[in-house]
Every structure is written in structure tokens, then in C-alpha cells.
1. How many residues are in a loop (DSSP other than H, G, I, E, B) and over 21 Å from Ser173 (Cβ atoms) when one looks only at segment 89-123?
2. Just wondering, is there one or more residues in segment 411-418 that are more than 27 Å from Ile281 (Cβ to Cβ), outside the structural domain of Leu360 (by TED's automatic domain parsing) and either touching a helix residue (DSSP H, G or I) at 6+ places or on another chain (Cβ under 9 Å) or not in a loop (DSSP other than H, G, I, E, B) (or both)?
3. From the list Pro81, Pro90, Pro98, which one is within 16 Å of ligand 4 (Cβ to nearest atom), surrounded by 15 or more Cβ atoms within 10 Å (Cβ to Cβ) and either closer than 24 Å to Phe341 by Cα or basic (Lys, Arg) (or both)?
4. Identify, please: which residue in segment 1-33 is in a strand (DSSP E or B) and in contact with a helix residue (DSSP H, G or I) (Cβ under 7 Å, 6 or more places away or on another chain) and is, among those, farthest from Val102 (Cα to Cα)?
5. In segment 54-78, what residues are loosely packed, with under 15 Cβ neighbours inside 10 Å and at positive phi?
6. For segment 322-334, enumerate the residues that are part of a loop (DSSP other than H, G, I, E, B) and closer than 22 Å to Gly366 by Cα.
7. I'm trying to understand the selection: among the residues of segment 101-133, which are surrounded by fewer than 15 Cβ atoms within 10 Å (Cβ to Cβ), in contact with a Leu (Cβ under 9 Å, 6 or more places away or on another chain) and of a type in the set (Val, Ile, Thr)?
8. Checking Asp127 against (1) in contact with a Ser or Thr (Cβ under 6 Å, 6 or more places away or on another chain); (2) assigned by TED's automatic domain parsing to the domain that holds Gly84; (3) charged (D, E, K, R), which single condition isn't satisfied?
Amino acid sequence: MQSYSYSGLDNDLNLAAQTVSLDASGDMFKIRTRITGHGHNGSNNCCEWGNGQGREHELIVDGISRYLWDIWQETECGDNPNTGQGGTWPYAREGWCPGDKVTDYEFDITPYVTAGTDASIDYDIEDVPVSDPAQGNGNYVMSMHLITYGAPNFSVDAAIVDVLNPNDWEYYSKFNPTCQHPRVILKNTGSTTLTSAEINVWVGEFGSNVITFNWTGSLEFLEEEVVEIPVDGSWWYDYNGENYFNARVYKANGIFDEYANNNKFTTTFTPSVSINDPFYIWYKSNNKASENDLYLRDADGNLIWSKTDATNTTEYKDTLYLNAGCYSLEITDSDHDGLGFWYSAIPVSSGGEGETSGFLRVRKVGGGTIYTFDTDFGHYSKFNFSVGYTLGNSQVESTYFVSVFPNPSSGIYNLFLDNFTGDNLSLTIYNELGSLVYSDQQIENNPEGYLQEQIDLSSLQNGIYFVTITSENHTHTERIIKH
Ligand SMILES: [Ca+2]
Ligand SMILES: [Ca+2]
Ligand SMILES: [Ca+2]
Ligand SMILES: [Ca+2]
């Protein structure tokens, strides 16, 4: 891996054509590339950024251009499961995203070379624009490998190489936890074209609830495909607390294949939330409401409900009565900057977007937060849940939330209560000596126990205080420091 200037790559000072001797026993030859663009040069801040697109990359074999590709990541950064990062993480970039792995590109050059002979392999990049030579000072970090394969070991061989959902792996957290149809990756690891596969999936011990899916298609050697296995929503709730999922290829092209060790893939998973009470979606748009759309879909992807025309800075409460089943509530952002993002919040007067923060919550009717969306979500965020399949270990705990912030502060504190139910809400503040220094018996409350209020303690002397919130249902004390 090395860093090269854009101009050096363009004029062949770096990565000139190389002659390589190809292994005589090689059956297949592949070039694998890993490239990221960096720097802020020229009119389009080359080469981390572009004017909505990246540069064109080229692979040349024996003097003939064989592959052209670009590595621009228009949407990937906003789709990154590693949300809420510092910096400008959601925006499009040349070949990489903050906090994400870099994508490899692979090119099969077997048809263009002959095993046991020499081949000339060259990389090139589109020309630095004559009108904007400063772009050439940008740079690319890159690695390239020639990979030689022997002949395939098996004629008929299929494998399950990954499970997208259900899966607790954090990299798949954008679509997990899930109650949706499982998605597995089927790969042909045999030399014969794979045209059918009998796939079993089950949760926990084999035999309890095995589902068989007959896949048909056409996969050449080393090709793979995402296979979605239809399951009934209630299928997830028969696993007796055994939260692991198995998928296996039982038969390939109608027979038991020649290599069984790659047939099965197992994941652990967290069950999605089960809601068994009436609930509502509480949405507060920010001042760029046109960027955001809400969609509720059932397990088959049918649209059940949506909100795509929200007015700026407006609260909506939509109570939903759903049939038993599995659902996904999704919020999207066409600008990939979520519903609240520090960089977009930079005021217009300072050259920023001046975007405010909204919120999106799912709450029980009568109080109790079921789910709060992270507002700094980039391109989209999903909450998957089921309705009507009561199960002890996935019920939502109805606990309250209290926060007094910032702490320490020089006098102004924000009091935030959620699900702090009960009438006659009061607030008292005592100093370290136990003397009452502040009291408010007339706090506005609502039936859901939700409250946001400012407390001004500027007139008190500096020190440690104890803030006690009391309602008929709860008492809670927070220690604060005034300085
Ligand atoms: Ca070159
Ligand atoms: Ca196999
Ligand atoms: Ca925006
Ligand atoms: Ca936005």
C-alpha cells in the first residue's frame, strides 16, 4: 500500500506498466484493487471529493484497456452503520467513508492472458484537467494484487458465506435487529454452474422450526447472490430463548454437494422488539422537513403508512393499529445529513446549512418510550418490530428517564423527563447542608410523563446541589454542580 499523487499516476511517474510472469499452473488470474482518494486540491477539492463524481480508473493488460471503473461512493457514507461520528461522515467521497472498510474491486483478466507467459499489467487514471492542474496535487492511497487461482477443487459445491439478517454483527446494524425475512448469501464454489439449491434455515436446535427454501437461478464459479427466505412473522417466536440462526445448503443442483464444510453459516441475533400495546409515532420535523420521509412497511415490503409531506418544525402524533406481523419503520434523508447533525447545524451566516434538530420516537399510548431514533443517522434509519407476538424476553421495559444538563453549569440547567408518569409533579433542590434552596410545586406535566424545562439557578452560590423530582409514581434525585 502506498500513496501516489494524482499527477504522478496520470503521467506514469508512478505505477508504470509492469511485466509479470504468470504461473504455468494458474487456471484463473484476477487483479484486486483497493483505492482511496485524499487531499483538497483544485476546484473540486481533489481527490477526497469531486463535483458529484470521482475520477475514472483503468486497468490495461498487454497494452489494451480492459476495465474502466470509478470508486466514487455517492450514498455509501450516509448508509454507514457507524453513525453519529464526528466530522462530516455522511457525505459522498472518493472510494472510502469515515469509519468504514474500503471496498475492493476485482477484475478477472483470465481471458486476456496465458498461463506460463509474461503479461504487461498497467493502471491508469483519467487525465488531470488541463484547466485545473492543481487537482494533480491530490493523492491516492492504493494497493493492487495479482491473484492466481489453481483449478476449482470441486465440480458441484455451494456455500452459505454470510447472513445479512438476523445477525448481531455491528456492521449490519442498519437492518438488525430484525423480524423480516432472513437474507443469506449463497455462493457457487464449484466449477459447474449452480442452478438450484435447497436451503434450510432454522433458529436454535435443528428440527424445531426448519424452513426449506428452493432457490433457482444461475451462478457461475465464485459468483454469489443474496437469497431472501420467506418466513411467517410468528416463526421467530418459537425459539425458546436460543437466539442463534442457522442457514445451510442442503442440496446443490439436486444432489448432496462435494464439500460439506462450507454449507452452514450460524449467527447470533437479538430478537426485534415486540409491541403488544397501542402505540404512536411521534415525529418532530426539523427546518428541512422536505429532506425527510417516513415509511412503515410490512414484512413483505408493502407500504402500510407514510409521511412524506411534513411541514417544517412541526410535531405529528400518529397512532397506528396494526395486524399481527413484522414491520419496519424507516426515516430517510435525501441530503444524507439525518434529522440533526452538527455540521448541518452550522448557521447560514457562517456558511452552513442552518439545519435544526427534530426527533422521531415510537411511544406507547398512555406513556412509555418504545424506541427513540438516533437523529444523526445519515441517509436512513430503521426500527424493526413485531406486533402481536407476546414474548417475555422481548417486551419493552417501561422505565422512566431523567436528565439534568449541562452538568456542571454556571446556572442554567435543562430538565428532561421521559415516561416520568404520575400527577402532582414537583421539583425541589437542596444544598449539601440539607437546606431547601429552590422548589417548584407547579410543574407542567402531561399524561406521558414527558417534560422539557429550563431551571435558572444563577442566583444560588456555587457548590453541589441535589435536585429531586417527585410524582405520584416516582421519586428521583440528581446531583448537580454549579460553578
Ligand atoms: Ca500507469
Ligand atoms: Ca458445499
Ligand atoms: Ca440538510
Ligand atoms: Ca436533514
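The values are calculated or read from the model by the stated rules, or taken from the named source; none is laboratory data. Just so it is clear, the model here is predicted, and its values are computed rather than measured. Positions of Cβ are backbone-derived with ideal geometry, glycine not excepted, and every protein chain shown enters the neighbour counts.
1. Here the count works out to 9.
2. Yes: segment 411-418 contains one or more residues that are more than 27 Å from Ile281 (Cβ to Cβ), outside the structural domain of Leu360 (by TED's automatic domain parsing) and either touching a helix residue (DSSP H, G or I) at 6+ places or on another chain (Cβ under 9 Å) or not in a loop (DSSP other than H, G, I, E, B) (or both).
3. After ruling out the rest, the residue left standing is Pro90.
4. Met28
5. Within segment 54-78, Gly63 is the sole residue that qualifies.
6. Leu322, Asn323, Ala324
7. Across segment 101-133, the qualifying residues are Thr114, Thr117.
8. Of the numbered conditions (1) in contact with a Ser or Thr (Cβ under 6 Å, 6 or more places away or on another chain); (2) assigned by TED's automatic domain parsing to the domain that holds Gly84; (3) charged (D, E, K, R), the odd one out for Asp127 is (1).
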